[in-house]
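*Asks:* Below you'll find the structure I mean.
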Amino acid sequence: GDRFAFDSAIMLALRQAGNPAIPAGPLWLKQAMVDVTALGGETVLTLAAALTIGFLAASRHLLAAALVFGGTVTGASAVAFAKSLVGREPPALVDHLVEVSSASFPSGHAANSAIIYLTIALVSIQVIPHRAARWFLFGATALLVAAIGISRVYLGVHWPSDVLAGWSFGLLWALAWWAFGSGLRLRLARPAGLGDAGGVG
């Protein structure tokens with residue numbers, strides 16, 4: 001339940017001086033942050049994972065589809081468990097600009113967006129042949145995950161340390177599934193002398 005010194009400093013810096021109910025910046029920025037934070041919500045993340053799994057399965061990349069399913073489902077469950085274990089209350093330092101009902105640590109939006117979007121990106125990279133396309137996908141995904149986490153702090157519903165923890169957990173989870181998938185892909189390819197072709201991609 002404790003917070004770090006930088007938590008309060010950053011949150012107050014994102015509000016108008018002397019008025020914690022009003023966020024800093026132009027009027028359109030608040031709405032932009034609300035829109036961005038929705039991209040890390042349960043509904044959007046579920047749709048993103050389901051559509052990706054369906055696309056990979058339809059493209060006969062069955063291993064990649066299974067990895068995305070396994071990584072996202074187990075990751076979301078792990079985040080929910082961590083929240084219940086820590087039980088940190090959402091910040092009351094500034095007004096919340098969107099509703100929040102769950103425990104604060106780690107940030108579910110930051111953690112789950114990192115888990116799901118980065119798992120999708122890292123697993124998909126393994127079946128994308130062009131290097132430029134792989135780098136673009138990873139870079140765009142990293143920026144999206146960063147924006148979602150920043151939006152949670154800007155909207156006043158998470159301490160910065162909640163978001164940092166969520167990013168760290170999500171990144172490590174996605175990297176673990178990427179490594180697991182790479183090792184499994186090599187084991188499956190060796191006996192038949194195949195790479196990413198066919199139904200094991």
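The values are calculated or read from the model by the stated rules, or taken from the named source; none is laboratory data. Quick caveat, the model's predicted, so the values are computed rather than measured. Counting neighbours? That spans all protein chains shown, and the Cβs are built from the backbone with ideal geometry, glycine included. Keep in mind that these areas ignore ligands, DNA and RNA; they rest on the heavy atoms of the full protein, side chains included. Shrake-Rupley method; radii C 1.70, N 1.55, O 1.52, S 1.80 Å.
*Asks:* For segment 79-159, what Kirkwood radius comes out of the mean inverse Cα-Cα distance, in Å? Numbers along the way, then the final one.
*Replies:* Values: mean 1/r = 0.0716 Å⁻¹.
In segment 79-159 this quantity evaluates to 14.0 Å.
*Asks:* Just want the answer: with Cβ charges of +1 for Lys and Arg and -1 for Asp and Glu, which residue in THR43, ALA92, GLY139 is farthest toward the dipole's positive end in the chain?
*Replies:* Comparing the listed Cα positions along the dipole, GLY139 ranks first.
*Asks:* Kindly report, to the nearest 10 Å², the accessible surface of TRP173 as traced by a 1.4 Å probe over protein heavy atoms only.
*Replies:* TRP173 exposes around 70 Å² with every protein chain in place.
*Asks:* Still on this model: Mind listing the Cα extents of segment 142-187 along all three principal axes, in Å, largest one first?
*Replies:* For segment 142-187, the Cα extents along the three principal axes come out at 47, 17, 9 Å.
*Asks:* So, one more: Using a 1.4 angstrom probe on the protein heavy atoms only, line up LEU62, LEU45 by accessible area, largest first.
*Replies:* Working: LEU62 95, LEU45 5 Å².
If we order LEU62, LEU45 from most to least accessible, we get LEU62, LEU45.
*Asks:* Between GLY181, GLY25, GLY156, which gets the highest mean-square fluctuation from a Gaussian network model of the chain, Cα cutoff 10 Å?
*Replies:* Judging by the Gaussian network model, the answer is GLY25.
*Asks:* Another question about this same structure. How large are Rg and Dmax for the chain when calculated on the C-alpha trace, in angstrom?
*Replies:* 18.8, 68
*Asks:* Using only the alpha carbon atoms of segment 54-122, find the Kirkwood hydrodynamic radius as the inverse mean reciprocal pair distance, in angstroms to one decimal.
*Replies:* Details: mean 1/r = 0.0730 Å⁻¹.
Kirkwood radius, segment 54-122: 13.7 Å.
*Asks:* Rank these residues by their accessible area, most exposed first, probe 1.4 Å: SER101, SER161, SER84. Kindly include the intermediate steps, with their values, before the conclusion.
*Replies:* Details: SER101 120, SER161 10, SER84 85 Å².
Order by accessible area, largest first: SER101, SER84, SER161.
*Asks:* Enter the accessible area of VAL36 (Å², nearest 10), with the probe set to 1.4 Å and all protein chains included.
*Replies:* That residue has around 40 Å² of solvent-accessible surface.
*Asks:* Have a look at segment 17-132 and give its Rg and Dmax from the Cα atoms, expressed in angstrom.
*Replies:* Taking only Cα atoms of segment 17-132, I get Rg and Dmax of 17.5, 57 Å.
*Asks:* In debye, nearest 20: dipole of segment 1-148 around its Cα centre with unit charges on the Cβ of K, R (+) and D, E (-)? Present the calculation step by step, with values, prior to reporting the outcome.
*Replies:* On the way: 8 positive and 7 negative charges, 96 e Å.
Dipole magnitude for segment 1-148 comes out near 460 debye.
*Asks:* Between ILE22 and VAL44, what FRET efficiency follows from the Cβ-Cβ distance if R0 is 41 Å, with the result rounded to 0.05? Present the calculation step by step, with values, prior to reporting the outcome.
*Replies:* Numbers: r = 27 Å, r/R0 = 0.66.
Calculated transfer efficiency: 0.90.
*Asks:* With +1 on each Lys and Arg Cβ and -1 on each Asp and Glu Cβ, how big is the dipole of segment 1-66 about its Cα centre, in debye rounded to the nearest 20? If you can, show how the numbers build up before the last one.
*Replies:* Values: 4 positive and 4 negative charges, 25 e Å.
For this selection, approximately 120 debye.
*Asks:* Considering only ILE128, ILE53, ILE150, give the residue with the highest GNM mean-square fluctuation for the chain, with springs between Cα atoms whenever their separation is below 10 Å.
*Replies:* ILE128
*Asks:* Say we join alpha carbon atoms closer than 10 Å with springs in a Gaussian network model of the chain; which of HIS61, HIS130, HIS158 then has the biggest fluctuation?
*Replies:* Per the Cα network of the chain with a 10 Å cutoff, HIS130 tops the list.
*Asks:* Beyond 13 Å, how much of the Cα-Cα pair distribution for segment 28-77 remains, as a whole percent?
*Replies:* 62
*Asks:* Still on this model: Can you compute the modelled spin-label distance between ARG131 and LEU188, with each label point 7 Å from Cα toward Cβ, in nm?
*Replies:* Simple spin-label model gives 2.6 nm for this pair.
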